[in-house]
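Remarks on the structure that follows.
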Amino acid sequence: MSTRVPALAVMLIALTAATAPTAAGNTDASPDDDGTRRAKSTARRAALLAEKQDWPAAEAAYREAVAADPEYAEGWNGLGHTLAKQNRPDEALDAYDEALRIEPDHAQALERLGVTYVAMGRIEDAEAILVRLRPIDSRRGATLGHVIAVGRGER
């Protein structure tokens, strides 16, 4: 019986370690963790495609990323950018809105949303975005301010 006790103890320790809460309080490696990892990996691939200006392929990869994790703001932001680059501003606005629903202070999404508004001739909407952006990221705010001025024909 004494030889069975250590084996049972080892098994219990292994089971306890496998089901112990993580630092975040989870007791499992949830599918969300896998989805987030897949989304980030796919978004990295999408960003490389965007650097090559392969907008359709980058769009497909960003769509794959947000399908893997619909709460991945960076994926929605990248998708918006690829759509804007393909002259599909209405779809881009929807993607930026989704990124900002998830992460309201996402500076790059705000900047890109403002730029898209300017491209659509919606200067007042771009100015409202600028008001939100300036306190978050002054550099991006300055860039958007310049784009708005150009859009107004001031520069």
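What follows is calculated from the coordinates using simple rules that are stated; it is not laboratory data. Since the structure is predicted, the reported quantities are computational estimates derived from the model, not experimental observations.
Quick look at the numbers
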item: Taking the stretch 37-152 and dividing mean pair separation by its residue count, relative contact order in percent (alpha carbons under 8 Å, at least six apart); result: 17
item: Net lengthening on full extension, Glu154/Asp105 (0.36 nm per residue, minus Cα-Cα); result: 14.8 nm
item: Using alpha carbons only: equivalent-ellipsoid semi-axes of the stretch 37-152, gyration tensor based, whole Å; result: 24, 15, 11
